[in-house]
Amino acid sequence: MFKGSITALVTPFADGKVDEAALRSLIEWQISEGTAGFVPCGTTGESPTLSHAEHKQVVEITIEATRGRVPVIAGAGSNSTDEAIEFVHHAQDVGADGLLIVAPYYNKPTQEGIYQHFKAIDAEASLPIIVYNIPGRSVVDIQVETLARIFSDCPNVKGVKDATANLLRPSLERMTCGKDFNLLSGEDGAALGYMAHGGHGCISVTANIAPRLCAAFQLACQNGDFTKALALHDRLMPLHHALFLETSPAGAKFALAQLGKIRGDLRLPLVPVNPPVRKAIVQAMVFAGIIAQGADDGR
């Protein structure tokens, strides 16, 4: 079972290419700060604008740099079932620990189509699959009943990354799929409630910038210390909010650039966050104690 603070890694770029050195350095820092796992090539990794070769490169670098110290759940989803299967085969061949498979986006499949998509992928998989439900990006919502059907009929499907921000979902998913179903939040701001409803961890955007605090928050939840978890949540909540004032991962990359971890380059159609958002992110980082008062917001 995957648990704790799992970072949804950004993909650093430099001069239009994947910045391998920055990615390796970011991974090393994350592990030293207590991160419990990584998801490369998810939404936060800008997977839609990675070429197939770059997608595979990022997965390989993450696995190599991690060296088995924490699990790597490789983003392997696509709106094309055949393309997803290709990414699955690659991730398995290079030593990933799990697979993150997003709901098919843009095509708008029915619940039956979603089920058949996961069933076809499962037939080609040998690693644990985490179903990624993110209606805000994919336009389709994997209903609890469909998720239960997928879990029942697909032996490699072990859990869900739930980015619905609907706090009814974790309890319904746990009651429908059983106590062994791996419940991972995909929304930092809702993670406190999600954990209180029986969650096991969070695949986190904020953990890119505040890995130590996110790890401490998850540990408090796992220990049942929700008073401490609430205090950490309140400290992080302005950052959770600010990072999504404009389309992610633009905010996360700006924040990491403020910390000197990456250059902050994005690929079109994503563009850098505007000055008011930069100010809000810097203020949130100061509030969380990540940077000192008076830090430059880059305006």
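Just one of (1) surrounded by 17 or more Cβ atoms within 10 Å (Cβ to Cβ); (2) at pLDDT below 95; (3) of a type in the set (D, E, K, R) fails for Asp180. It is (1). Against the list (1) closer than 15 Å to Val10 by Cβ; (2) more than 18 Å from the chain's Cα centre (by Cα); (3) touching a residue at least 12 places away in the same chain (Cβ under 8 Å), the condition Lys253 fails is (2). For region 38-50, which residues satisfy the criterion of being surrounded by fewer than 17 Cβ atoms within 10 Å (Cβ to Cβ) and touching a residue at least 12 places away in the same chain (Cβ under 8 Å)? Selection gives Thr49 alone. Can you spot a residue in region 217-238 that is in contact with a Ser or Thr (Cβ under 6 Å, 6 or more places away or on another chain), surrounded by fewer than 22 Cβ atoms within 10 Å (Cβ to Cβ) and at pLDDT 95 or above? Checking region 217-238: not a single residue is in contact with a Ser or Thr (Cβ under 6 Å, 6 or more places away or on another chain), surrounded by fewer than 22 Cβ atoms within 10 Å (Cβ to Cβ) and at pLDDT 95 or above. For Leu192, the conditions (1) within 30 Å of Arg24 (Cβ to Cβ); (2) of a type outside the set (S, T, N, Q); (3) in contact (Cβ under 8 Å) with a residue 40 or more places away in the chain all hold with the exception of (1). Scanning region 266-288 for residues that are among the β-branched types (Val, Ile, Thr), crowded, with 17+ Cβ neighbours inside 10 Å and in a loop (DSSP other than H, G, I, E, B) yields one hit, Val273.
Okay, residues lined up against (1) within 29 Å of Glu124 (Cα to Cα); (2) in contact (Cβ under 8 Å) with a residue 60 or more places away in the chain:
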{"site": "Leu9", "(1), (2)": "yes, yes"}
{"site": "Arg24", "(1), (2)": "no, no"}
{"site": "Ala36", "(1), (2)": "yes, yes"}
{"site": "Ala76", "(1), (2)": "yes, no"}
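Within region 57-74, is even one residue in contact (Cβ under 8 Å) with a residue 40 or more places away in the chain, surrounded by 23 or more Cβ atoms within 10 Å (Cβ to Cβ), of a type outside the set (D, E, K, R) and assigned to a strand (DSSP E or B)? Yes, the conditions are met somewhere in region 57-74. Met195 falls short on exactly one of the conditions (1) under 17 Å from the mean Cα position of the chain (by Cα); (2) surrounded by fewer than 24 Cβ atoms within 10 Å (Cβ to Cβ), and that condition is (2). When you go through Val10, Val88, Val18 one by one, which is the residue that is over 26 Å from Tyr194 (Cβ atoms) and either aromatic (Phe, Trp, Tyr) or crowded, with 24+ Cβ neighbours inside 10 Å (or both)? Val88 is the lone residue from the list that is over 26 Å from Tyr194 (Cβ atoms) and either aromatic (Phe, Trp, Tyr) or crowded, with 24+ Cβ neighbours inside 10 Å (or both).
Counted as qualifying within region 119-216 are the strands (runs of 3 or more DSSP E) with 3 or more residues that are among the β-branched types (Val, Ile, Thr) and closer than 20 Å to Ala74 by Cα, namely 129-133.
The values are calculated or read from the model by the stated rules, or taken from the named source; none is laboratory data. Model, not experiment: these values are computed from the prediction. Counting neighbours? That spans all protein chains shown, and the Cβs are built from the backbone with ideal geometry, glycine included.
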